1. Taking the range B:157-173, which residues are within 11 Å of chain A (Cβ to nearest Cβ), open to solvent by 10 Å² or more (accessible area, probe 1.4 Å) and more than 17 Å from the chain's Cα centre (by Cα)?
2. Need at least 1 residues that are basic (Lys, Arg) and surrounded by 15 or more Cβ atoms within 10 Å (Cβ to Cβ) per element, so show me which helices (runs of 4 or more DSSP H) inside the range B:240-339 make the cut, counting only ones lying wholly within it.
3. What do you reckon, is A:Leu29 over 21 Å from B:Leu190 (Cβ atoms) and open to solvent by 20 Å² or more (accessible area, probe 1.4 Å)?
4. Under 6 Å between Cβ atoms, which residue pairs at least 6 apart in sequence (or on different chains) link something in the range B:124-145 that is more than 7 Å from chain A (Cβ to nearest Cβ) with a partner that is open to solvent by less than 10 Å² (accessible area, probe 1.4 Å) and assigned to a loop (DSSP other than H, G, I, E, B)?
5. Can B:Ala225 be described as at pLDDT 85 or above and surrounded by 22 or more Cβ atoms within 10 Å (Cβ to Cβ)?
6. Restricting to the range B:26-69, give me the number of residues that are among the basic types (Lys, Arg), more than 14 Å from every other protein chain (Cβ to nearest Cβ) and farther than 22 Å from B:Leu321 by Cβ.
7. For B:Glu226, all conditions in the list (1) on the phi < 0 side of the Ramachandran plot; (2) touching a Phe, Trp or Tyr at 6+ places or on another chain (Cβ under 7 Å); (3) more than 14 Å from chain A (Cβ to nearest Cβ) hold save one; what is the number of the exception?
8. Please give the number of the condition B:Arg62 fails out of (1) part of a helix (DSSP H, G or I); (2) over 26 Å from B:Val271 (Cα atoms).
Amino acid sequence: MNLAEGVQIVSFGILAVMMIGTALGVVLLPKIVHSAFLLAGVFISISGLYILLNADFVAAAQILVYVGAVNVLILFAIMLVNKQEDYVELPGRTIRKVATGVVCFGLFALLGTMVLATPWSLSTTSPSVVDNTVIALGEHFFSDYLLPFELASVLLLMAMVGAIILARRDLIPESMADENTVTTGLTLPERPRELARLGSEEQDS
Amino acid sequence: MNSGIDLQGSFIQTLQDFGLPIGLAKAVWLPLPMLLMIVGATVGVLVVVWLERKISAAAQQRIGPEYAGPLGVLQPVADGIKLVFKEDVIPAKADPWLFTMGPVLVVVPVFLSYLIVPFGQNLVVTDLNVGIFLWISLSSIAPIGLLMAGYASNNKYSLLGGLRAAAQSISYEIPLALSVLAIVMMSNSLSTVDIVAQQSGYGILGWNIWRQPVGFIIFWIAALAECERLPFDLPEAEEELVAGYQTEYAGMKFALFYLGSYVNLVLSALVFAVLYLGGWEFFIPLDRLADWIGVAETTPWLQVLTASLGIVMTLIKAYFLVFIAVLLRWTVPRVRIDQLLDLGWKFLLPVSLANLLITAALKLSFPMAFGG
């Protein structure tokens, strides 16, 4: 065993322990903010595993997108929604827990068989061993993976337009907003609509 | 292109001549450049702190630090030692773990980014394929640390400062990345060494600053905002938020924030020098000059001279930019938070997108000048 292999095995061990530990922390910790911060740890360890697999661009993109954008958004959401609420046990909690356990175990078994059934070893001369991952990724994006790539961009565009419409209340017609006055347990406490309209009128004049 | 001095190769070769196995020789080499980089970055911060005090003093017609060492050069060291020995206070109702992790998360990515800063053809810790992209993605970790520090302090000002800092760095990351992308498109590579190589050959005329006049201004504004320098230091705006997310911090944890912000400033200046000012290149093309005088490129003394000149040039360019940043601090008033977000989203983002498109068009029409 030479130096490079030893370093790889040790870093794989550290990353695997870090990932499983932080992932368990995300699920088990009582405070949601701690879970959200630990989620960043999960994403960073996944990015470390990508580096071990020689996927340097994917690793950097993983940090940029998941840690820098997704996780920061989750944290923003948690910190801006400051709702003090007593913890109430939902009815039928045991059934929910059992059902979740069954689904999780099923997923684990499915992925486990997939991992065991796939031949993973690659020879160094195989065409899938590339020197510059950025170029290889770009070529794939604009040839055989063009359709998924474009579909993903259309999806993101739709999400962005939707977010803009939701954020700009003046674009939602009045009648629609008035019909929607039924409050359920899941309705967020929102700013009254009258005030919002007054504010926009002041801006217009 | 000659390879220049290969320190790693000759170091490992020397150790092997002493009878060490090659694996051990490599293991001895590995920590050296990293340690050198960390020490260099820290010393760079001491220099910047001293410069900031002296230039600020000059801008306000004061003398500045004077008694600690000649011209007060030991003042930043004194500051650092004072902060190390200061009591480390954790507020009573703060979250101690998050409170401690916050500064660490802010500082570590900044130091990691020094991996990709080149001081010469071979004078770089690693020449990664993803190079400059690593810097962008690592700098996106810092907001998490800021949010963590702001939240854990259990203080209104801290939380507001942390949220502001995160919002600011997310908004300015996009114009920053887009202006870097224009450079990447011209040099056909994300690697910092390739980006400098693409600017070499014509001396000062070949630098990207002439080909990206809009891009470099956007980059500089966005970089100042990312470093939370005035005019964009809203997260710690004294009049509004006491000191933002740093309010509850004291001692070494505060020093980490302080260190992190100055390391980040030096790093941004270095990256600016690499992207737009030709990195380690001299004002005139040195290899042509050597050719003209009649000295071969492989002459040892010429190689040592160009390598040391490269390091000096990179540092001179970076510290010139730091000087501009300090001058800006005393000449430009602070913007309001709504002005800041307006500038980022409504002005810089469209302009940097247009800059990217124009660069693409110019690259297609003039492949000679814009890297075909």
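1. Listed by number, the residues that qualify are B:Leu159, B:Leu160, B:Leu163, B:Ala167, B:Ile170.
2. B:251-276, B:300-331
3. Answer is yes for this residue.
4. Qualifying pairs under 6 Å: B:Val124/B:Pro118; B:Asp127/B:Ser191; B:Gly131/B:Ser191.
5. Against the criterion (at pLDDT 85 or above and surrounded by 22 or more Cβ atoms within 10 Å (Cβ to Cβ)), B:Ala225 qualifies.
6. 1
7. B:Glu226 satisfies all of (1) on the phi < 0 side of the Ramachandran plot; (2) touching a Phe, Trp or Tyr at 6+ places or on another chain (Cβ under 7 Å); (3) more than 14 Å from chain A (Cβ to nearest Cβ) except (3).
8. All conditions are met except number (1).
The values are calculated or read from the model by the stated rules, or taken from the named source; none is laboratory data. Please read all numbers here as calculations on a predicted model, not as lab measurements. Methodologically, a virtual Cβ is constructed for each residue, glycine included, from the backbone with ideal geometry; neighbour enumeration extends over all protein chains shown. Just the protein is used for accessible areas: all its heavy atoms, side chains included, with ligands, DNA and RNA removed. Shrake-Rupley method; radii C 1.70, N 1.55, O 1.52, S 1.80 Å.
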